[in-house]
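Here the structure comes first, spelled out in structure tokens, and everything after it is commentary.
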Amino acid sequence: MKNRSLVSINDFSKEEILHILDLAEEFEANPNQKLLEGKVVGSLFFEPSTRTRLSFETAINRLGGRVVGFSDSASSSATKGESLKDTIQMVSRYADLIVMRHPLEGSARYASEQSLVPVINAGDGANQHPTQTMLDLYSIRKTQGKLDDLNIFLVGDLKYGRTVHSLLMALSNFNPTFHFVSPEELRMPREYKLFLEEHGIPYYEHGELSEIIDEADIIYMTRVQKERFSDPMEYERVKNAYVLKRNMLVKTKENMRVLHPLPRVNEIHTDVDASPKAYYFDQARNGVYARMALIAAVMGLK
Amino acid sequence: MASSKELKVSAIENGTVIDHIPSENLFKVITILGLDKISTQVTFGANLDSKKQGRKAIIKVSEVFFQDHEINKISLVAPHARLNVIKNFEVVEKSDVTIPDTIVGIVKCFNPKCVTNNEAVTTHFKVINKKDVALRCHYCEKITTQEELRFEAS
Ligand SMILES: [Zn+2]
């Protein structure tokens, strides 16, 4: 994978995914390895994303590398009208690796074509966020001991949720059964359901959280945002149907885990936090190891 | 071979006749092939009667012979176009256009948030369905369908 950019989870083969997860496991066991000593990483956040940026910077620091860059477009030259191409041409002559977050979809692929050094996509609009997908896969494998044959529940905004789309595509390599729980207006788009049908992967759709979750190995929660509804009344009517509470977990499987890409608003009640089945904060920590693994892989350090 | 109707567009000695172009896409074909920028004789006719498609257009280009990859660029706007290669006033070869596997330029991505619609980036698509025309954007990964096809101004 050396010198290859990481743009889309769809660029990874099953073997490459498993290789990265193994590397992440190594970094979890031994999180301070100065593999990036003497290297400079350009961290270009054309839109703010504190969580993702901190996770990347932690990963880079644990690897002994240094970071230059900006955390929102107000402090970048993009506000002076510089094209993305020119920014990438310039930074790729300064840094050994570029981590980029950008609001335009496809910007990461374009940047990777303009750059002299590998580009890691830290989110390109509603399109891809491959390091998030990798940490989700890592969290699932870590908690379940495997990725194969799992019952995966995706809950909330399945229409606009970039993370659930990428996770669905990546998990399709591992013989899953999917359950989609969402309001009518935010159902899983047809193209993804067609993809599953073409690959013979079973899926079920549900209108609300019910005892059906007792079958789950993983419940992946996402935010249901008011602004996604054409009718605000509809939001008020359905919003409570997608809130996970601790008493709903009573009959769920012992090693079922609740995941969430964070930040959460109210879709997971805080009484779930103390449950051993709550995994979202550990999931965030796993992001550091997954990002260390991805950085090491593209830099040819592992 | 030529009926009186077809003679409304004059015959050529050497060159290419592109027939069965949908009339409404005549000027798109001219732009895509760059016929507005060449110096040899180009004649065209629109709104001609066609048994196949109601109203068709036809273009005759003198002294120009197209490579497959050049002519296939018009396949999205003129999927049933037929080429007649003329040498010495005779048709020496006939061929149809085919939709290529990838399309670079010509088409706009339908996604307004795509980088290709916001920066100076040439579009690039993989053709994932040739029959109903579905193009996956190499950049934003969204699919542009037949109904959403828009062409780049050139
Ligand atoms: Zn696009």
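Extending 7 Å from Cα along the Cβ direction at A:F281 and again at A:E227 yields two label points whose distance is 2.9 nm. Value of Rg to Rh for segment B:88-154, rounded to two decimals, is 1.13; Kirkwood radius and Rg both from alpha-carbon coordinates. Calculated mean residue ellipticity at 222 nm for chain B: -1500 deg cm²/dmol, from DSSP H runs with n ≥ 4 weighted as -39500 (n - 2.57), summed, divided by the residue count and rounded to 500.
Among the chymotrypsin sites (Phe, Trp or Tyr not before Pro) found in segment A:25-59, not one is both in a DSSP coil and sparsely packed, with 15 or fewer other Cβ atoms within 10 Å of its Cβ. Near A:G38: Cβ cut-off under 12 Å, other residues only, Lys/Arg at +1 and Asp/Glu at -1. The net charge is +1. For the set A:K14, A:K193, solvent exposure ranked by accessible area (probe 1.4 Å, protein chains only) runs largest to smallest as A:K14, A:K193. Each Lys or Arg adds one and each Asp or Glu takes one away; over the other residues whose Cβ falls under 13 Å from the Cβ of A:R51, this sums to +3. Between A:E113 and A:H269, residue separation times 0.36 nm minus the direct Cα-Cα distance comes to 51.8 nm. Each part reduced to its alpha carbon centroid, segment B:74-126 and segment A:1-69 end up 40 Å apart. For the pair A:I212 and A:N10, a Förster radius of 41 Å applied to the C-beta separation gives a FRET efficiency near 0.90, rounded to the nearest 0.05.
Look at the alpha carbon pairs under 8 Å that are at least 6 residues apart: their mean separation over the length of chain A gives a relative contact order of 21 percent. Using a Gaussian network for chain B with springs between C-alpha atoms less than 10 Å apart, which of these wobbles most: B:T123, B:T102, B:T40? Among B:T123, B:T102, B:T40, the largest GNM mean-square fluctuation belongs to B:T40. Ranked from largest to smallest solvent-accessible area, with a 1.4 Å probe on the protein heavy atoms, A:T87, A:T270 come out as A:T270, A:T87. In chain A, the sites counted are GluC sites (Glu not before Pro) in DSSP loop states with at most 16 other Cβ atoms within 10 Å, and the longest stretch holding none of them, exclusive of the sites, is A:83-207. Of all lysines in the structure, the ones whose alpha carbon falls short of 26 Å from that of A:K146, not counting any fewer than 8 places away in one chain, are A:K14, A:K193, A:K251, A:K253, A:K277, A:K302.
In this rough spin-label picture, where each label sits 7 Å from Cα along the Cβ direction, the B:F151-B:N129 distance is 2.3 nm.
In chain A, the calculated helix contribution to ellipticity at 222 nm averages -11000 deg cm²/dmol per residue, counting -39,500 (n - 2.57) for every DSSP H run with n ≥ 4. Mind giving me the FRET efficiency for A:V68 and A:N30? R0 is 25 Å, r the Cβ-Cβ distance, nearest 0.05 is fine. Given R0 = 25 Å and the Cβ-Cβ separation, E is 0.40. Annotation note: trypsin sites (Lys or Arg not before Pro) in segment A:54-159 located in DSSP loop regions with a Cβ neighbour count of at most 12 within 10 Å are A:K146.
For the protein assembly as shown, the normalised intensity computed at q = 0.05, 0.07, 0.14 Å⁻¹ comes to -0.25, -0.47, -1.25 (log10 of I(q)/I(0), Debye sum over alpha carbons, equal scatterers, no solvent). The alpha carbon centroids of segment A:157-226 and segment B:135-154 are separated by 27 Å. Between B:S39 and A:S83, the FRET efficiency from the beta-carbon distance, with R0 = 25 Å, is close to 0.15. Using a cutoff of 8 angstrom between alpha carbon atoms and counting only pairs six or more residues apart, the relative contact order for chain B works out to 20 percent. Between B:A81, B:A57, B:A120, the Gaussian network model of chain B with springs among Cα atoms under 10 angstrom shows the greatest mean-square fluctuation at B:A120.
The values are calculated or read from the model by the stated rules, or taken from the named source; none is laboratory data. Just so it is clear, the model here is predicted, and its values are computed rather than measured. Here the Cβ is made from the backbone with ideal geometry for all residues, glycine too, and neighbour counts use every protein chain on show. All accessible areas refer to the heavy atoms of the entire protein, side chains included, with ligands and DNA or RNA removed. Shrake-Rupley method; radii C 1.70, N 1.55, O 1.52, S 1.80 Å.
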